[in-house]
Amino acid sequence: MTFEDSVEKNLWRSLAQARALAGGGAVGAGKSAFTSASASASTAPLLFEGTAFLVALSGGVDSTALLLALVSLRDAFNRAKNAPSQAGHTSLGGLGLELTACHVNHGLRGVESAADELFCRELCARLDVPLLVQKLSLPAVETGGSEALWRKARYESLTVAARQRQAPYVVTAHNLDDQAETLLFRLFRGTALRGVVGMEMVRPLTDQEWPVLLRPLLGSSRAEIEDYLLAKGQSSRLDHTNDNEAFSRNFLRKRILKPIKERFPTALENIERFRLTMASENDYMSALAEALYERAFLPPNGLRLEVLTGEHVALTNRVIAKFIEQAGVLPSFQRVGRVQSLISEAQQNTDRNFSKQLSLGENLELIASKDRVLLKPEYELVVSAEEFEWRRQAMPAITVKLPRPGRSSAMTMIPWLNFALHVEDLKACHEDEANVAADTHSVHNTGLESWPLYERCALSIEANLPENFPENAPLCLRPRSPGDRLQPFGMSENVRLKKYLHSNKALFLQARPLWPFGGEALALRLFPVLASGSEVLWVPGLGLSARLKNGLSPSHRLTLVPLADRQNCSDKQAGFDPGTC
């Protein structure tokens with residue numbers, strides 16, 4: 001089988017699995033699945049009627065070979081389509097290939113990064129493939145060499161590009177060597193069975209129905225890929241950072257995997273067979289553990305211990321891992337082991353009044369009794385219900401005033417917060433240069449050309465507010481409530497606000513002066529948010545919803561101003577429009 005035949009075979013398998021995902025079926029290791037009901041009717045046909053691919057193109061050996069192979073398949077299909085006697089030449093049958101390449105320029109290597117982009121432009125022009133170029137720019141505080149952070153940003157860029165091109169599939173060039181490196185990396189770092197499963201050939205990129213990530217080169221070794229490019233007479237770009245053994249994956253590739261392959265020529269194939277066996281067994285164990293978890297789960301945040309009694313430790317470990325993971329805690333070996341020991345102690349203890357607590361970190365406490373374990377935030381254990389309810393009733397939701405037509409700003413007083421929310425219409429301010437110049441409270445003065453750099457710890461944001469809010473869910477400032485959810489800027493999924501606050505405790509400590517009343521535990525439970533219904537749009541000082549960062553430019557500037565500042569300076573000095581206060 002030639003390299004291109006292998007790519008075509010795996011591509012066809014990937015498409016079949018992706019459509020199984022859309023239908024709610026299970027694919028790959030771990031039975032990742034999501035249903036077509038989550039997407040609108042207008043997007044669902046894309047998965048079934050088209051084969052529009054967005055190909056991630058770095059210019060390196062792997063992605064260059066992938067693009068060439070897909071172009072060859074595209075051309076073969078076009079020839080078969082124009083020659084009815086050759087119909088069926090390609091296993092893609094009646095489906096065509098629509099290719100778009102996407103080059104994500106990280107901008108980390110200066111001239112080399114620019115040369116990579118130029119190479120991709122020239123290659124795509126010669127192959128008649130449209131090219132999108134996405135430039136990454138992360139805040140300076142986040143550019144400390146975090147490979148995971150850059151990978152996440154890269155996938156987000158590919159997702160945006162795929163939606164722009166209406167391409168239901170994003171195709172990357174991960175190969176058999178990458179798979180082996182991933183498996184070894186996880187083994188050495190420490191992993192459970194599901195970590196040994198490695199990369200899946202198909203997986204959803206977001207919680208929406210599309211785009212879906214395809215990896216048709218996972219069955220091809222890097223040696224086969226290099227031979228293919230050599231036979232094609234095609235050059236590629238070399239990323240010299242891949243030689244830096246300070247990076248763990250580079251070290252594994254050069255110092256461990258390379259000599260293993262030299263000593264054991266079939267090592268990659270044998271590692272892959274082992275991985276597939278583990279994937280199959282992990283699927284079976286996952287199904288058993290899921291059924292046990294459903295029987296043991298005690299809403300809203302507990303487990304029934306009698307259901308776990310007598311079950312194999314391999315299954316109860318998985319149940320415990322899922323239990324604490326869904327509460328936002330990383331299920332490390334150590335944490336799962338400590339919980340398992342506490343459960344065993346509770347089951348063996350003869351005292352019917354047995355009760356013991358275990359801190360899991362992340363401000364979460366596990367409370368074990370004879371018949372159950374409960375998971376609660378630590379602050380819920382130290383704040384009395386009476387004090388919480390009294391404070392909550394003293395903090396009514398306050399509807400936010402937006403600038404009226406002909407006005408550039410509006411002011412909303414929040415007495416229980418001792419702050420006022422100043423809302424500026426940036427378009428009106430842009431027309432009135434005097435207002436812009438007088439704005440001494442603004443953090444950003446960037447105009448309307450582009451989005452400003454967003455600082456999560458700031459008490460001033462620039463946002464694209466919806467034109468209208470539902471009558472039953474107006475824009476308001478209120479204390480956080482159970483069920484609140486937030487889609488943080490830079491993330492593709494909604495998260496529970498409680499989980500988000502726990503994960504950003506350091507930022508919460510910085511924002512603590514915003515609500516200084518009571519203890520820290522009470523402040524965390526009643527922290528003010530800007531919301532529409534149960535959808536949180538801004539947690540001042542901690543996070544901004546991606547919903548407010550859409551579009552080409554912001555529409556409004558929102559600033560929380562201490563009431564003391566409001567009282568001690570004139571409206572003109574503060575840059576406020578008194579007509580809408």
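The values are calculated or read from the model by the stated rules, or taken from the named source; none is laboratory data. From a predicted model like this one, the values you see are computed outputs, not experimental measurements. Note that each Cβ is placed from the backbone with ideal geometry, even for glycine, and that neighbours are counted across all protein chains shown.
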> Looking at segment 308-343, which of the residues that are loosely packed, with under 13 Cβ neighbours inside 10 Å and part of a helix (DSSP H, G or I) is nearest to the chain's Cα centre (by Cα)?
Replying inline: PHE333
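Are any residues in segment 225-274 in a loop (DSSP other than H, G, I, E, B), out of contact with any Lys or Arg (no Cβ under 8 Å at 6 or more places or on another chain) and assigned by TED's automatic domain parsing to the domain that holds LEU184, and if so, which ones? So that I can check it myself, show each step before the final result.
Filtering segment 225-274 for residues in a loop (DSSP other than H, G, I, E, B) gives 233-239, 244-247, 264-266.
Now drop any that are not out of contact with any Lys or Arg (no Cβ under 8 Å at 6 or more places or on another chain), which leaves 233-238, 244, 246-247, 264-266.
Correct list: GLY233, GLN234, SER235, SER236, ARG237, LEU238, ASN244, ALA246, PHE247.
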> Pick from segment 323-333 the residues that are within 15 Å of GLU365 (Cα to Cα) and not β-branched (Val, Ile, Thr): which of them is modelled with the highest pLDDT?
Replying inline: PHE323
> Does any residue of segment 131-153 turn out to be closer than 18 Å to VAL212 by Cβ, at pLDDT below 90 and of a type outside the set (D, E, K, R)?
Replying inline: no
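Checking the condition over 25 Å from the mean Cα position of the chain (by Cα), at pLDDT 55 or above and among the aliphatic types (A, V, I, L, M), which residue from LEU68, LEU21, LEU57 passes? Full working, then the answer.
Details: LEU21 fails: over 25 Å from the mean Cα position of the chain (by Cα); LEU57 fails: over 25 Å from the mean Cα position of the chain (by Cα).
The unique qualifying residue is LEU68.
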> Does any residue in segment 534-557 that is within 10 Å of LEU486 (Cβ to Cβ) and modelled with pLDDT of 85 or more come within less than 9 Å, Cβ to Cβ, of a residue that is part of a strand (DSSP E or B) and of a type in the set (D, E, K, R) six or more places away or on a different chain, and which pairs are these?
Replying inline: GLU535/ARG485; VAL536/ARG485; SER545/GLU535
>> Looking only at residues that are closer than 16 Å to SER58 by Cβ and under 27 Å from the mean Cα position of the chain (by Cα) in segment 233-246, which one is surrounded by the most Cβ atoms within 10 Å (Cβ to Cβ)?
In response: ASP239
> In segment 179-204, what count of residues is obtained for those that are out of contact with any Lys or Arg (no Cβ under 8 Å at 6 or more places or on another chain) and either under 14 Å from ILE271 (Cα atoms) or part of a strand (DSSP E or B) (or both)?
Replying inline: 7
> If you take the residues in segment 167-202 that are of a type in the set (A, V, I, L, M, F, W, C) and farther than 30 Å from GLY337 by Cα, which one is surrounded by the most Cβ atoms within 10 Å (Cβ to Cβ)?
Replying inline: VAL171
